[in-house]
């Protein structure tokens, strides 16, 4: 089914970035010899931010050698090393479009289960020295995915990866990822995804929210913003380039970035509370 060219680990460290100190475990380094995989970590590995990383459903992150080749070509770079994307397992095979949530894999003496696609944060941009990397991963649909550990055991670079079980829903990592990030997820696909017991708690809550919004939008009364028939069309779909027009220092640990479109076309009027936190102490606002 697949092969494991590299096992990478790394403990959290403090990184200087844009005048701040970021505590992150995204710097992973390949290791030789067998490593014990435990319920929450591989020996010698750790996470810096437990809000977005780590835990039982995100114990081991998987990235593919095929994605390495893809990004080398797309970015015009040849300086990548295994662990570059913060992954623990660099694998041959196991594409996002072929691996399904709930699939179980034997690697070495350990048993794993696929729980969710990766949700990429700004720290990948720091590690890659590509500020747009998190957005690019979403746009190009190459998230990678997480394992939870069903049976602890030793793994080693060079091990074979064998699928030993799969779920009847057969929804791939790519399909689940698209439900969250692409516009207009079909209701039946959301319901199907929520029938997968292996899906992580965080993703389950997100998909349940989308399903609730669709239900509320299907009636003729209620929140017009959730009702496609009553409300205005979306300001734009998926990705649209914006630029930072102004930086405002709100406090010692919060900076607001004012965004405006690069194409000169109008943008939606922000509603009260319309802002987005990118997880770095910065809030994004548009005008």
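Quick rundown of the values:
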quantity	calculated
Total residues in segment 139-149, condition assigned to a helix (DSSP H, G or I) and buried (at least 20 other Cβ atoms within 10 Å of the Cβ)	0
Complete set of residues in segment 85-102 that are part of a loop (DSSP other than H, G, I, E, B) and within 16 Å of residue 3 (Cα to Cα)	87, 88, 94, 95, 96, 98, 99
Any hit, segment 91-103, residues being within 26 Å of residue 13 (Cβ to Cβ) and touching a residue at least 40 places away in the same chain (Cβ under 8 Å)	yes
Test: residue 22 is modelled with pLDDT of 95 or more, in the same structural domain as residue 153 (by TED's automatic domain parsing) and surrounded by 14 or more Cβ atoms within 10 Å (Cβ to Cβ)	no
Subset of segment 165-186 that is modelled with pLDDT of 90 or more and surrounded by fewer than 13 Cβ atoms within 10 Å (Cβ to Cβ) - its residue that is farthest from residue 89 (Cα to Cα)	186
Tally of residues being part of a helix (DSSP H, G or I) and out of contact with any helix residue (DSSP H, G or I) (no Cβ under 8 Å at 6 or more places or on another chain) across segment 21-70	7
Single residue of segment 104-137 satisfying the filter (in a loop (DSSP other than H, G, I, E, B) and free of Cβ contacts under 8 Å to residues at least 12 places away in the same chain) that is nearest to the chain's Cα centre (by Cα)	132
Of the criteria (1) at pLDDT 80 or above; (2) surrounded by 15 or more Cβ atoms within 10 Å (Cβ to Cβ); (3) in a loop (DSSP other than H, G, I, E, B), which one residue 267 fails	(1)
Test: residue in segment 71-93 that is out of contact with any strand residue (DSSP E or B) (no Cβ under 9 Å at 6 or more places or on another chain) and under 19 Å from residue 117 (Cα atoms)	yes
When residues of segment 1-20 are limited to those that are touching a strand residue (DSSP E or B) at 6+ places or on another chain (Cβ under 8 Å) and assigned to a loop (DSSP other than H, G, I, E, B), the one farthest from residue 247 (Cα to Cα)	1
Selection within segment 191-207 - in a helix (DSSP H, G or I) and under 18 Å from the mean Cα position of the chain (by Cα)	193, 201, 202, 203, 204, 205, 206, 207
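The values are calculated or read from the model by the stated rules, or taken from the named source; none is laboratory data. The shown structure was predicted, so the numbers you read here are calculated from the model rather than taken from an experiment. Cβ sites come from the backbone with ideal geometry, for glycine too, and all protein chains shown count toward neighbours.
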